[in-house]
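Take a look at the structure below.
Each value in this text was obtained by applying a stated rule to the coordinates, not by laboratory testing. Just so it is clear, the structure is predicted and the values come from calculations on it, not from any experiment. Glycine gets a Cβ as well: all are built from the backbone with ideal geometry, and neighbour counts include every protein chain shown.
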Amino acid sequence: MAERLGLVDVCSGAGGLASGLESAGFTPVVLLDNKHQACETLLANRPRWKVICEDLIEFLPDEHPETMDVDLLSAGLPRVKSSAAVGRSGSDQELRLLTATIYLVHSIQPRALLLENLPALAESPTYAEIRDFVESELTHLGYRFRWFVLNAADFGVPQDRRQGILVALKEPWFDAFVPPEPTVDEHVPVGRVLLPSMSARGWREAAAWAAQAKTVAPTLVGGSDNRGGADLGPSGTKRAWARMGVNAGALADEVPGPDYQWPRSDDPAEMLKITVDQAALLQSFPPEWHITGRKTARYRQIGHATPPPVGRALGATIATALRSVSRT
């Protein structure tokens, strides 16, 4: 069996990226998040993980020597705004976290770095200034890097979720890195994934509903901690859900029971709603992964997460590269 590789994961959230990397052969030595609920979720699933509930900007790696010279630093960061958007809004917290992650590379000198964010960070001209900063810092430290975009649907996640990725490795290992190839030949539709749960309480029309929910879901959006209750996203997303017979304006407390009458209406207000547990299935969390908290807090953790199959695919290709040359 191949030796497991050490991982520091920051902005860990509900653990989607970390759990995917774990299944690819990485062992977290430290996980960091500033939200109590996320830290509770991580420990509920992996009690032996060292979880630090602290702001990344205040984190001092010198106080945690196990982080030094680790194999991989990973970060599923909050969605970074472009420089122009930061200037308009006056809010640059997301950019501060990205900058803190790059400075953490200076401190712990991992062999590899993995950042996950919105696709525009990897490909849009409006983010060129931010990419230039990242690239300059990494080049100075002796890393080579690659930006690219993945769609989670290509890795078996029943969701159209494009993700911007940066992978950087130190010189001896970079040439062995290849971005992951899709793991499925065809995308997995919502109905196929949710049919078992939709029929769990005896709803007789579950199969008929699932048959018409024949596309992947739109991107799940966790939303801001400062806004109201959980819903599945903005108006365009809600229209996509309505085409699958789902009211995306709220989440249900339970799946339909045997007496539920499917209205087959074009009015979203009359359509069924999915549950938080079903949202977790659409994010491809394993059923045994427990997301803690109340309904809205649970959904936000799910919506912000990196789907574990994407983490696993990225982790496998990074692990292959890191094992291509022995550490000296």
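5 Å is the cut-off here: which amide hydrogens, built 1.01 Å from N in the peptide plane, fall below it relative to Thr292, excluding neighbours closer than 5 in sequence?
Amide H neighbours of Thr292: Thr41.
Determine how many Å³ per residue the convex hull of the Cα atoms of the chain encloses. Present the calculation step by step, with values, prior to reporting the outcome.
Working: hull volume 46.6 nm³, N = 328.
So the per-residue Cα hull volume is 142 Å³.
Between the helical axis of 308-322 and the dominant principal axis of the chain, each derived from Cα atoms, what acute angle in degrees is found, rounded to the nearest 10?
20 degrees
Charges on Cβ only, +1 for Lys and Arg, -1 for Asp and Glu, centred on the Cα centroid of the stretch 19-162; of Ala153, Pro78, Asn34, which one is farthest towards the dipole's positive end?
Highest projection toward the positive end goes to Ala153.
Can you give me the distance in nm between label points at Arg48 and Met68, each placed 7 Å from the Cα along the Cα-to-Cβ direction?
2.5 nm
Based on DSSP H runs of at least 4 residues, each adding -39500 (n - 2.57), what is the mean residue ellipticity at 222 nm of the chain after dividing by all its residues, to the nearest 500 deg cm²/dmol? Could the numbers behind the result be given before it?
Values: 13 runs with 119 residues, N = 328.
When only DSSP H runs of four or more count, the value is -10500 deg cm²/dmol.
Using 7 Å Cα-to-Cβ label points, what is the Ala208/Arg96 separation (nm, one decimal)?
About 5.4 nm, to one decimal.
List the trypsin sites (Lys or Arg not before Pro) in the stretch 201-287 that DSSP assigns to loop (not H, G, I, E or B) and whose Cβ has at most 15 other Cβ atoms within 10 Å. Which are they? Can you show the working numbers first?
Values: sites: Arg201, Arg204, Lys214, Arg227, Lys238, Arg239, Arg243, Arg264, Lys273; in loops: Arg201, Arg204, Lys214, Arg227, Arg243, Arg264, Lys273.
The qualifying sites are Arg201, Arg204, Lys214, Arg227, Arg243, Arg264.
If you fit an axis through the alpha-carbon atoms of helix 36-45 and take the longest principal axis of the Cα set of the chain, what angle between them do you get, 0 to 90°, nearest 10?
Once rounded, one gets 90 degrees.
Taking every DSSP beta bridge that has both residues in the chain, what percent is antiparallel when rounded to the nearest 5?
Values: 15 of 36 bridges.
The antiparallel proportion sits near 40 percent.
What's the local net charge at Ala75, with K and R +1, D and E -1, over the other residues with C-beta under 9 Å away? Walk me through the intermediate numbers first.
Working: positive: none; negative: Asp9, Glu116.
So the environment of Ala75 carries a net charge of -2.
Take the Cα of Arg144, step 7 Å along the line toward its Cβ, and report every residue of the stretch 166-189 whose backbone nitrogen sits under 18 Å from that point.
Zone members listed by number: 166-180.
Any of Lys238/Lys295; Lys35/Lys170; Lys81/Lys238; Lys50/Lys238; Lys50/Lys214 with alpha carbons more than 29 Å apart? Name them for me.
Values: Lys238/Lys295 19 Å; Lys35/Lys170 31 Å; Lys81/Lys238 23 Å; Lys50/Lys238 38 Å; Lys50/Lys214 41 Å.
Listed pairs above 29 Å: Lys35/Lys170; Lys50/Lys238; Lys50/Lys214.
According to a simple spin-label model (label point 7 Å from Cα along Cα-to-Cβ), what is the distance in nm between Ser235 and His290?
With each label placed 7 Å out from Cα toward Cβ, I get 4.2 nm.
So what's the angle, to the nearest 10 degrees on a 0 to 90 scale, between helix 128-140 and the longest Cα principal axis of the chain?
With rounding to tens, the tilt is 40 degrees.
What FRET efficiency, computed as 1/(1 + (r/R0)^6) with R0 = 35 Å and r the Cβ-Cβ distance, is obtained for Arg192 and Arg323, rounded to the nearest 0.05? Please report the intermediate quantities before stating the final value.
Values: r = 35 Å, r/R0 = 1.00.
Using R0 = 35 Å, I get an efficiency of 0.50.
Do you know the relative contact order of the chain, to the nearest whole percent, from alpha carbon pairs under 8 angstrom that are 6+ apart? Before the final figure, lay out the partial values.
Working: 654 pairs, mean separation 66.3, N = 328.
Relative contact order, the chain: 20 percent.
Hey, fewest Cβ within 10 Å first, where do Leu232, Leu60, Leu272 land in order?
Values: Leu232 26, Leu60 8, Leu272 17.
So the residues, fewest neighbours to most, are Leu60, Leu272, Leu232.
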